[in-house]
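Just below is one structure, and these are the notes that go with it.
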Amino acid sequence: LAARSRSAEATAVPPPPAAGEMAALPDLKAILVQLAALPGVRLAALVDREGFLIEAAGEIAVGAEVVGALAACLAESSEGIGREMGQGALSSVLLDYEAGMVLLRGAGPSATLAVVLRDPTALGKFRHYVEKALPELLRSI
């Protein structure tokens, strides 16, 4: 993971995928850019288990590094609750706020995808795209 870019600079956002399909993507940054381009999404960030930002795309001004660090902490705590209650591995966590939502999705044993949604109605469609993109995302980390 250390060899991966930990850059969080702003990226030009391409249009969202056509006809509900994820396009073939060459790398981690491109996957996150495509997810961040979906309607209602402000930020898509991938962080490691310790909370270090691996990569981010979208409205970086929302604080990708801070979001990532706190997301990793919350995911680790939530996984501990599930482990103690015998519920198995953590799949996702959804935080609902006045101005939007934050979705945390496990990305393999070493990373968490943190997504800031400005529009709660985008959640269902976004979850669908994440499930389709997850295998490629896992190959990229």
Task: Probe 1.4 Å, protein heavy atoms only - accessible area per residue of the stretch 28-141 in square angstrom - done: 46
- [ ] Determine how large the accessible area of residue 70 is when every protein chain is in place; take a 1.4 Å probe and give Å² rounded to the nearest 10.
- [x] 120
Task: With every protein chain in place, the stretch 36-93: carbon and sulfur % of accessible area (1.4 Å) - done: 58
Open item on the list: Explain nothing, just the number: dipole magnitude of the stretch 94-141 about its Cα centre with +1 on each Lys and Arg Cβ and -1 on each Asp and Glu Cβ, in debye rounded to the nearest 20.
Closed with: 180
Task: Net dipole in debye of the stretch 47-140 [+1 Lys, Arg Cβ; -1 Asp, Glu Cβ; about Cα centre; nearest 20] - done: 340
Task: Virtual spin-label span in nm between residue 110 and residue 66, 7 Å along Cα→Cβ - done: 2.9
TODO: Compute the FRET efficiency between residue 52 and residue 139 as 1/(1 + (r/R0)^6), taking r as their Cβ-Cβ distance and R0 = 22 Å, and round to the nearest 0.05.
DONE: 0.60
Task: Sum of side-chain charges, residue 125 neighbourhood, beta-carbon under 12 Å (Lys, Arg +1; Asp, Glu -1) - done: 0
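The values are calculated or read from the model by the stated rules, or taken from the named source; none is laboratory data. Please read all numbers here as calculations on a predicted model, not as lab measurements. Note that we place each Cβ from the backbone using ideal geometry, even for glycine, and neighbour counts take in every protein chain shown. When the accessible area is computed, the model is the full protein with side chains, heavy atoms only, and any ligands, DNA or RNA have been set aside. Shrake-Rupley method; radii C 1.70, N 1.55, O 1.52, S 1.80 Å.
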